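Colleague: Mind having a look at this structure? Questions to follow.
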Amino acid sequence: MAQTKRKRRTKHRGTAAGTIQTRGRTGRPPSADDKKKQTRLEARERRLNSPPTWKASITRASSATVMNFCTVALEAPVSHGIQGAAIFAMFALLIYIPGGYWIEMFMYRRRMQKKQQALRK
């Protein structure tokens, strides 16, 4: 006898209160890539939702200053030497630290305002 091609239905159980309970996720378990992607997204959300810190600003400014120093030092023999590159790097560091912090704070506040507006709607 030929089998019918009806799709198997998922089972639902009704409760006395009238609500319907469904079984949990019965599909395939998430793969390692799916878990990694989810973890990555959660880490990104955590990072974006934390306020900026001076420590992070100093770290970022220091790395930018080192790159800046290397770039200027390569041109140094032509212009002002290594001493001039070091002075320029220190000046840049003094500007990069508060500037980077203020930019991060601006972006953080803007993200939080957008998030609040999305929650209100």
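Colleague: Pull up the range 67-82, narrow it to residues that are assigned to a helix (DSSP H, G or I) and among the small types (Gly, Ala, Ser), then point me to the one that is nearest to residue 114 (Cα to Cα).
Modeller: Filtering first and then ranking leaves 73.
Colleague: Determine whether the range 49-66 contains at least one residue that is in contact with a helix residue (DSSP H, G or I) (Cβ under 9 Å, 6 or more places away or on another chain), among the charged types (D, E, K, R) and closer than 30 Å to residue 116 by Cα.
Modeller: yes
Colleague: List pairs: first in the range 110-121 and on the phi < 0 side of the Ramachandran plot, second surrounded by 10 or more Cβ atoms within 10 Å (Cβ to Cβ) and part of a helix (DSSP H, G or I), Cβ under 8 Å, 6+ apart or cross-chain?
Modeller: If the second residue must be surrounded by 10 or more Cβ atoms within 10 Å (Cβ to Cβ) and part of a helix (DSSP H, G or I), the pairs left are 111/48.
Colleague: Are any residues in the range 35-61 part of a helix (DSSP H, G or I) and touching a residue at least 40 places away in the same chain (Cβ under 8 Å), and if so, which ones?
Modeller: Passing the criteria: 48, 54, 56, 57, 60.
Colleague: Can you confirm whether the range 94-108 contains a residue that is modelled with pLDDT under 90, open to solvent by less than 100 Å² (accessible area, probe 1.4 Å), in contact with a helix residue (DSSP H, G or I) (Cβ under 9 Å, 6 or more places away or on another chain) and assigned to a helix (DSSP H, G or I)?
Modeller: no
Colleague: Out of 85, 64, report the one residue that is buried (at least 17 other Cβ atoms within 10 Å of the Cβ) and either out of contact with any Lys or Arg (no Cβ under 8 Å at 6 or more places or on another chain) or part of a helix (DSSP H, G or I) (or both).
Modeller: 85
The values are calculated or read from the model by the stated rules, or taken from the named source; none is laboratory data. Note that this is a predicted model, so its numbers are computed, not measured. Using ideal geometry, Cβ is built from the backbone for each residue, glycine included, and neighbour counts are taken over all protein chains shown. Protein only, heavy atoms only, side chains kept; ligands, DNA and RNA dropped before computing areas. Shrake-Rupley method; radii C 1.70, N 1.55, O 1.52, S 1.80 Å.
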